[in-house]
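Following: one structure in structure tokens, then a few remarks.
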Amino acid sequence: MSPGSPNDRPASRTRRSTRRSAKAKTPGWLTPKRVTISGALVVIFVGGGSFTAYTAIQNANAPKGPPVSLDEMAQMFGGDPFGPDPQADMLKEQAAQALKADTLAAQREHRKVLNPIKIVDEAPGGDGFRPQKLPPGTANPSGNKALGKQMLAARGWSDQWGCLESLWMKESGWNERAMNTSSGAYGIPQSLPGSKMASAGNDWQTNAATQIEWGLSYIKGRYGTPCGAWSHSQAKGWY
């Protein structure tokens, strides 16, 4: 049969019609299932973003409370910086007993009692603070005493000066770099650990005023007055 003959035309039309029918039956990209999935994704992303933005706006407009104090932060992360600390008290007691034993031995051996306090070149770390190298020649015990007397008077404790002077002279010689060789207590008030003084300021490792402020708060919270702390120190060997 020659090409283009009348008998060939119906077959060609049949093949073209079949191809058109096949294309019509072949599903395209935008099927009902895909439409449903796409809609769900839009809801998730748009809705989630809207919720996040709404939450951020609500948080920004929420009433602000008073700022958290250093004391409150210290209590949240490290306990009460001024209250009784059984572990620290035990270490202080052990250090006092070690000093008493050395004192008796020194008397028998006719020698000087070993000094339980050393002046360190590096301040201790702890509670997120790194040990800090101390610059040479900055300790000023006489100046620290004068500062302590002023800060004591500001608290209305002028009549307690004799007790405080004796207490911290025994503990540290009023040197902000003093460390107990037995317990590891640090600073003018001999905080154990030293990082408790961070409740009074982040510069507790080097600043005498910060150490004194913490020490006075510790004395008030635990012993009431410097004379109360001094009486305890005389009876127990520590405070």
- 10 Å binning of all Cα-Cα separations within the range 133-239, expressed as whole percents from 0 upward: 16, 53, 28, 3
- Query: Do the alpha carbons of any pairs in K100/K149; K92/K133; K100/K220; K118/K170 sit beyond 18 Å of each other, and which pairs?
  - Reply: K100/K149; K92/K133; K100/K220
- Rule-of-thumb check for the range 182-239: C-alpha Rg over 2.2 N^0.38 Å? 1.09
- Task: Would you mind putting 139-151, 221-233 in packing order, based on average other-beta-carbon counts within 10 Å, highest first?
- Result: 221-233, 139-151
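Peptides 89-99, 194-204: what's the order by average Cβ count within 10 Å, highest mean first? Please list the in-between numbers first.
Values: 89-99: 16.5, 194-204: 21.5.
Peptide ranking by packing, descending: 194-204, 89-99.
Throughout, read-outs are computed from the coordinates displayed, never taken from laboratory work. Keep in mind that what you see is a predicted model, and the values were worked out from it rather than measured. As a convention, Cβ positions derive from the backbone with ideal geometry for all residues, glycine included, and neighbour counts pool all protein chains shown.
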